[in-house]
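Some notes on the structure that comes next.
The values are calculated or read from the model by the stated rules, or taken from the named source; none is laboratory data. None of the values given here were measured: they were computed from a predicted structure. Cβ atoms come from the backbone with ideal geometry, glycine included; neighbour counts cover every protein chain shown.
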Amino acid sequence: MQQRNIFLTVLLGSLSLGVTTASAHTVLISSNPAKNSVIKALPVNIVLTFADPLLTLGKSAVNRIVVTDSTNTVISTNKYLVKGGVLTDALNTAGTKAGRYLVKYRVSAEDGHVVTGSFSFKVKP
């Protein structure tokens, strides 16, 4: 009986360690344009940098960025490029307006965990 209790204690301890390690999620560590920044002109690309490499599945869009202007018009182009933990998308800069821009993202780290978030920046020529 005592050996069984020791075995169960070790087994449960091992399982709990595994769960702790597997539950880590990547985080956004920087972006260009930066969160809450005020910039003079809209860049050609938006670049999000995450703490961990992102998942890629051939040509499937596992990771997404949607950028909208102050009128809720989507200006991101769905031309995603993933290199390690960096996700880039081209922006449609034609007719750029001053105002607030909203960035929403959904990414999958290589461990399969999905992370979503959003932030904004302003264009003020």
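Selection within the stretch 75-125: residues that are over 13 Å from Leu42 (Cα atoms) and of a type in the set (Phe, Trp, Tyr). The member of this set that is surrounded by the most Cβ atoms within 10 Å (Cβ to Cβ) is Tyr105. For the stretch 74-122, the set of residues classified as touching a Phe, Trp or Tyr at 6+ places or on another chain (Cβ under 7 Å) and among the acidic types (Asp, Glu) consists of Asp89 only. Looking only at residues that are of a type in the set (Ser, Thr, Tyr) and part of a loop (DSSP other than H, G, I, E, B) in the stretch 75-125, which one is nearest to Leu28 (Cα to Cα)? Taking the candidates together, the pick is Tyr80. Taking the stretch 98-120 as the range and being under 16 Å from the mean Cα position of the chain (by Cα), within 18 Å of Ala34 (Cβ to Cβ) and not aliphatic (A, V, I, L, M) as the test, the residues that pass are Lys104, Tyr105, Gly117, Ser118, Phe119, Ser120. Considering only residues in the stretch 57-74 that are assigned to a loop (DSSP other than H, G, I, E, B) and surrounded by fewer than 15 Cβ atoms within 10 Å (Cβ to Cβ), the one that is farthest from the chain's Cα centre (by Cα) turns out to be Thr71. The set of residues in the stretch 44-54 being more than 11 Å from the chain's Cα centre (by Cα) and either farther than 18 Å from Pro33 by Cβ or not in a strand (DSSP E or B) (or both) consists of Val44 alone. Note on the stretch 28-43: residues that are surrounded by 12 or more Cβ atoms within 10 Å (Cβ to Cβ), touching a Phe, Trp or Tyr at 6+ places or on another chain (Cβ under 7 Å) and in a loop (DSSP other than H, G, I, E, B) total 3. Inspect the stretch 44-58 for any residue being charged (D, E, K, R) and closer than 12 Å to Leu28 by Cβ and give the result as yes or no. Yes, the stretch 44-58 contains a residue that is charged (D, E, K, R) and closer than 12 Å to Leu28 by Cβ. Of the candidates Ala34, Ala61, the single residue that is at pLDDT below 95 and out of contact with any Ser or Thr (no Cβ under 8 Å at 6 or more places or on another chain) is Ala61.
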